[in-house]
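Below: one structure, written as structure tokens.
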Amino acid sequence: MASTADEPTMALIVRHDLRLSVGKIAVQCAHAAVSCTLGARKSHTRLVERWRQTGARKICLKVEDLQALQRLAGQAQSAGLVTHLVKDAGHTEVEPGTITVLGIGPGPRRSIDALVGELKPY
Amino acid sequence: MGLRSFIHRMTAPRLRGVLPGGDLKMVFVVNHSLKMGKGKIAAQVGHGAVQSVMEAGVKKPEYLEAWLASGQKKICVKGDDADHLLRLESQAKQNHILTSCVRDAGHTQIPSGSFTILALGPAESDALEPITGTLKLL
């Protein structure tokens, strides 16, 4: 296996203040993962391939509120990373249009760690 | 649109086969016996979703398109253990529903190779109902 610092990774960042159920969070994270992958497949084709071949590493982290999530999304975008903010359709637990999860990546592990290294695991 | 995708669109074969009718969704059955943390579950379900999407893109592109266009509906339910997930998988296969299994690399929390998630679909709600309809939401 190549050095782990080089393996691409994906970060899924959950808003902790919404107090969603586990199933709901899982589904929202899946949504972020799918949208990020499809988005990145066009712009970062080789990176996505390498990410999938090295086990499609994902980590799930949390932030306190929407502001923190949006700040992080901005930082990730300026770092040139693929991002996706998941807006819930609001069929079940939250109001329609609520932003629940931010997906970052797949991207180089080093640049993602630099952004989210401080966050707590969910 | 990039040149390559333009050429692809011009030359790609038309989508064939039965067009999906009705509500499409994807169902994730979580192996509850593993007692994974919630972040772990979320990441594993993420794996399942990405795997299923890639597979559906090859095997059932018309289902994938329709599912993506209708808002990527997904639900997450509880399964008892690995045997239960395997039973559901074979049942789904008999009904020609796409399945993919997530096995964990075991870097954290649980033994390597554990069967964590069974992902079903995208498929019609009516086809999934007899298989997962009785399972509890997570």
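The values are calculated or read from the model by the stated rules, or taken from the named source; none is laboratory data. These numbers were taken from a predicted model, which means no experiment stands behind them. Every residue, glycine as well, gets a Cβ built from its backbone with ideal geometry; the counts of neighbours run over all protein chains shown.
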Practice item. Name the single residue, out of those in segment A:36-60 being facing another protein chain (nearest Cβ under 8 Å) and in contact (Cβ under 8 Å) with a residue 60 or more places away in the chain, that is nearest to A:His16 (Cα to Cα). Key: A:Cys60
Practice item. Among the residues of segment B:32-57, write down those that are more than 7 Å from chain A (Cβ to nearest Cβ), touching a helix residue (DSSP H, G or I) at 6+ places or on another chain (Cβ under 6 Å) and crowded, with 22+ Cβ neighbours inside 10 Å. Key: B:Ala56
Practice item. Quick one: count up the residues across segment A:67-114 that are surrounded by 12 or more Cβ atoms within 10 Å (Cβ to Cβ) and of a type in the set (Gly, Ala, Ser). Key: 10
Check your understanding: Being at the interface with chain A (Cβ under 10 Å from one of its Cβ atoms), surrounded by 20 or more Cβ atoms within 10 Å (Cβ to Cβ) and assigned to a strand (DSSP E or B), is that true of even one residue in segment B:59-72?
Key -> no
Study note, to complete from the structure: Of those in segment A:31-51 that are of a type in the set (A, V, I, L, M, F, W, C) and out of contact with any strand residue (DSSP E or B) (no Cβ under 7 Å at 6 or more places or on another chain), the residue surrounded by the most Cβ atoms within 10 Å (Cβ to Cβ) is A:Val34
Revision key, fill the gap. Checked pairs for segment B:119-138, first more than 18 Å from B:Ser52 (Cβ to Cβ), second part of a strand (DSSP E or B), C-beta under 8 Å and 6 or more apart or across chains, list as B:Lys136/B:Val77; B:Lys136/B:Lys78; B:Leu137/B:Ile75; B:Leu137/B:Cys76; B:Leu137/B:Val77; B:Leu137/B:Lys78
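Would you confirm, using the coordinates I've provided, whether A:Val63 is more than 10 Å from chain B (Cβ to nearest Cβ), touching a residue at least 12 places away in the same chain (Cβ under 8 Å), buried (at least 20 other Cβ atoms within 10 Å of the Cβ) and closer than 20 Å to B:Gly57 by Cβ?
On the way: more than 10 Å from chain B (Cβ to nearest Cβ): yes; touching a residue at least 12 places away in the same chain (Cβ under 8 Å): yes; buried (at least 20 other Cβ atoms within 10 Å of the Cβ): yes; closer than 20 Å to B:Gly57 by Cβ: no.
Answer is no for this residue.
Can you tell me which residues in segment B:86-112 are hydrophobic (A, V, I, L, M, F, W, C) and part of a loop (DSSP other than H, G, I, E, B)?
First, pick out the residues of segment B:86-112 that are hydrophobic (A, V, I, L, M, F, W, C): B:86, B:88, B:92, B:97-98, B:101-102, B:105, B:110.
B:Ile97, B:Leu98, B:Ala105, B:Ile110 - these are the residues of segment B:86-112 that are hydrophobic (A, V, I, L, M, F, W, C) and part of a loop (DSSP other than H, G, I, E, B).
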Study note, to complete from the structure: Checked A:Gly97, A:Gly105, A:Gly117, A:Gly90 against criteria (more than 20 Å from A:Ala26 (Cα to Cα) and modelled with pLDDT under 95); the one match is A:Gly117
Exercise for review: Answer with yes or no whether A:Ala56 is at pLDDT 95 or above and under 21 Å from A:Val101 (Cα atoms).
Suggested key: no
Review point. Within segment A:14-26, which residues are within 9 Å of chain B (Cβ to nearest Cβ) and either closer than 29 Å to B:Ser5 by Cβ or in contact with an Asp or Glu (Cβ under 6 Å, 6 or more places away or on another chain) (or both)?
Key: A:Lys24
